[in-house]
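Have a look at the structure below, then the notes.
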Amino acid sequence: MTVLSILTYPDARLQRKAEAVQVFDDELLKFVGDLTETMYAGPGGVGIAAPQVDRHQRIVIVDVRPKLGDDCHGLMVLINPELMAWEGMAVGREGCMSVPDFTGNVIRAERIRVQAQDVSGRERSFECEGFEARAVQHEMDHLDGFLFLDRLVSRKTDLFRRKNYQKSQ
């Protein structure tokens, strides 16, 4: 598998709307493998969307186990995902591999139901809550050309420079 290059803000390609996946084949399976590898290679990566690596297809990968342990769905590959239901709203801090220098406070639904296809084209449905729901919504935003910067509660008070921690030698 290959770790792919991630587009970073303000690259205009991050604003493009992604197209639905039509073909479910070995090439798609290989790309999903590379995208997954890229997510795990990033610091704190719990999600990634295909547009972040300049492939404008509706593909999202989320795995919040590094933050939540086994209290989640594990690795979710969501192809052509649709948000079917949501409830509750909460403010939470978000970061993004495409915006490496900042984090920010964003309002998201607390509980969601998302329907998508898997790499074989089979329909799947997931009910997510809390951090997992936030991660899915964050990644789905990339499919429509949005970054968390577009959803900040306030650019004045809710955008923060990311702390960089150096490893001691």
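Just a few scattered comments:
- Those residues of region 40-49 which are without any contact (Cβ under 8 Å) to a residue 60 or more places away in the chain and farther than 14 Å from Thr8 by Cα, in sequence order: Tyr40, Ala41, Pro43, Gly44, Gly45
- Residue that is nearest to Leu29 (Cα to Cα), among those in region 87-118 that are open to solvent by 40 Å² or more (accessible area, probe 1.4 Å) and in contact with a helix residue (DSSP H, G or I) (Cβ under 8 Å, 6 or more places away or on another chain): Arg111
- Scope region 119-166; condition among the acidic types (Asp, Glu), open to solvent by less than 80 Å² (accessible area, probe 1.4 Å) and within 21 Å of Trp86 (Cα to Cα); matching residues: Glu132, Glu139, Asp141, Asp144
- Inter-residue pairs, beta-carbon under 6 Å, first closer than 22 Å to Asp150 by Cβ and in region 1-21, second open to solvent by 50 Å² or more (accessible area, probe 1.4 Å), 6+ apart: Leu7/Arg13; Leu7/Asp54; Arg13/Asp54; Lys17/Asp144
- Residues of region 10-25 satisfying the condition of being open to solvent by 90 Å² or more (accessible area, probe 1.4 Å), farther than 27 Å from Arg122 by Cβ and within 15 Å of the chain's Cα centre (by Cα): Gln15
Quick grid of which residues meet (1) part of a loop (DSSP other than H, G, I, E, B); (2) in contact (Cβ under 8 Å) with a residue 60 or more places away in the chain; (3) under 21 Å from Gln22 (Cβ atoms):
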site: Pro51; (1), (2), (3): no, yes, yes
site: Val60; (1), (2), (3): no, yes, yes
site: Gly74; (1), (2), (3): yes, no, no
site: Val77; (1), (2), (3): no, no, yes
site: Met89; (1), (2), (3): no, no, no
site: Gly92; (1), (2), (3): no, no, no
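- Taken over region 29-55, the residue count meeting the criterion of being within 10 Å of Met97 (Cβ to Cβ) and among the polar types (S, T, N, Q) is 2.
- Meets criteria (out of contact with any strand residue (DSSP E or B) (no Cβ under 6 Å at 6 or more places or on another chain), farther than 24 Å from Gln15 by Cα and among the hydroxyl-bearing types (Ser, Thr, Tyr)) for Ser98: no
The values are calculated or read from the model by the stated rules, or taken from the named source; none is laboratory data. Note that this is a predicted model, so its numbers are computed, not measured. Here the Cβ is made from the backbone with ideal geometry for all residues, glycine too, and neighbour counts use every protein chain on show. In case anyone asks, the SASA skips ligands and DNA or RNA and just uses the protein heavy atoms, side chains included. Shrake-Rupley method; radii C 1.70, N 1.55, O 1.52, S 1.80 Å.
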